[in-house]
Amino acid sequence: MSKDLDKLKNIKKYDQNDMASILEAFALQCQEALAIADKVIMPIAYQKKKFENIVFCGMGGSAIGAALIKDILRHELNIPMFVCQQYTLQAFVNKASLIVISSYSGNTEETVSCFNDALKRKAPMIVISSGGKLEGLAKKHRMPFLKIHGDYPPRCALGFSFFCGLKILSKLKLIGNMSKDISETVKILDDLGVLMVPAVKIGHNEPKKIAQMLMNRFIVIYSSSEFSEAVSVRFKGQLAENSKTFSSVNFIPELNHNEIEGWNKPAAMLKNTAVIFLEDRNELKKIRCRFRATKKTIKPTGCKIITLVATGKSKMAKIFSLIYFCDWVSYYLAIINNVDPYPVKRIEKLKKDLTRS
């Protein structure tokens with residue numbers, strides 16, 4: 001199989017929509033998102049307002065962008081931040097809430113519903129979208145609107161949802177200056193991209209090696225909630241949408257209080273499981289001990305244990321180094337699975353079925 005991953009002709013046979021080019025340009029997408037956000041002027045009323053909480057509304061890739069912001073700013077934000085992945089907003093939302101509406105297409109029905117809910121409650125809103133219904137609603141009600149490019153599959157537009165959302169908080173002075181972390185993150189993405197592209201042979205291409213280890217195995221993803229839950233959830237989503245592969249995710253320390261006991265049956269399945277630990281070497285000592293103890297506990301089942309360690313100094317850079325690495329893993333696993341990583345036929349079918357019902 002390694003020979004197939006090293007043959008560009010074989011990769012192109014399945015990657016018929018050239019998702020590889022989109023992944024290669026991720027650092028550029030992040031820079032473009034920053035440029036878009038820099039041009040947006042926040043209303044004076046927003047700048048003067050003392051917000052009591054922040055709610056990001058979105059689904060799929062848009063929700064992950066918000067969840068990453070929440071994880072990275074865990075020790076920075078002085079007011080609560082929530083991610084709403086529902087049709088309606090939480091009960092506490094009112095005029096003192098900042099609502100960020102994020103939908104790549106602009107037509108996500110849950111997110112459009114949240115816009116209308118926030119409108120009824122007279123909550124200040126900012127909209128991020130490539131167009132659709134939300135662009136019209138934002139303009140109609142004179143809400144700040146960040147128009148992003150609509151040329152990507154939504155899951156490949158993470159740079160837009162994350163950096164536009166982050167810049168909004170910065171412009172409203174809800175967080176401090178993060179330009180140093182942002183610069184490091186973009187540079188790491190740029191540097192890593194050169195090492196992970198299809199032209200780099202498997203002997204020097206780590207995502208290709210990991211994808212090969214995952215072939216025909218059930219995949220479990222473990223990380224710590226202290227570092228970032230969103231990275232693991234993102235990886236699970238990418239395995240589903242790109243690789244067409246089902247996987248499971250959980251977090252340390254919580255999984256040590258329940259799920260770890262389940263590593264007993266069915267024995268045949270556990271033996272054919274690959275467990276990927278997403279780690280940061282600078283995490284709390286107690287968390288690092290739990291990683292080691294967890295690996296020791298599950299090793300007798302015969303499962304394959306894989307450890308991926310974050311790269312960088314800032315939390316943002318570390319998180320995005322893992323996200324980018326895992327995106328490439330999901331891409332190469334799609335090629336191994338003989339599927340095109342681009343289409344999401346089951347999602348599209350589900351949407352059509354919902355439209356008919």
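Below, the figures for the structure above:
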item	result
In nm, spacing of pseudo-spin labels at residue 78 and residue 204 (7 Å Cα→C-beta vector)	5.0 nm
Net charge over other residues, Cβ less than 15 angstrom from the Cβ of residue 264 (K, R count +1; D, E count -1)	+1
Projected label distance in nm at residue 299 and residue 353, using a 7 Å step from Cα toward the beta-carbon	4.4 nm
Relative packing of peptides 151-158, 236-243, 21-28 - highest average C-beta neighbours within 10 Å first	236-243, 151-158, 21-28
Solvent-free Debye scattering, log10 I(q)/I(0), computed from the Cα coordinates of the chain at q = 0.07 Å⁻¹	-0.31
Förster radius 41 Å - calculated FRET efficiency between residue 225 and residue 268, Cβ distance, rounded to 0.05	0.85
Shape of region 136-207, Cα gyration tensor, a/c cut at 1.5	oblate
Calculated from backbone phi, Karplus (6.51, -1.76, 1.60) coupling profile of region 129-139 in Hz, x at Gly/Pro	6, 8, x, x, 4, 5, 5, x, 5, 4, 5
Degrees between helix 179-196 axis and first principal axis of the chain (Cα, 0 to 90, nearest 10)	40 degrees
Sparsely packed chymotrypsin sites (Phe, Trp or Tyr not before Pro) within region 56-133, loop by DSSP, other Cβ within 10 Å at most 15	87, 92
Alpha-carbon centroid distance for the pair region 122-191 / region 293-352, whole angstrom	24 Å
At most 13 other Cβ within 10 Å, DSSP loop - chymotrypsin sites (Phe, Trp or Tyr not before Pro), region 216-298	246
Local electrostatic count at residue 298 - Lys and Arg +1, Asp and Glu -1, tallied over other residues with Cβ under 12 Å	+4
Low-density loop cleavage sites - trypsin sites (Lys or Arg not before Pro) in region 17-63, where at most 10 other Cβ are within 10 Å (DSSP)	50
Simple label model, 7 Å out from Cα along Cβ direction - residue 345 to residue 191, nm	4.2 nm
Those aspartates and glutamates that a straight Cα-Cα span of less than 14 Å connects to residue 209, excepting residues fewer than 8 apart in one chain	4, 6, 327
Local electrostatic count, residue 114, Cβ distance below 15 Å [Lys/Arg +1, Asp/Glu -1]	+1
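Computed from the coordinates by the stated procedures, all read-outs in this text should not be read as laboratory data. What you are looking at is a predicted structure, and each value in this text was computed from that prediction instead of being measured. Methodologically, a virtual Cβ is constructed for each residue, glycine included, from the backbone with ideal geometry; neighbour enumeration extends over all protein chains shown.
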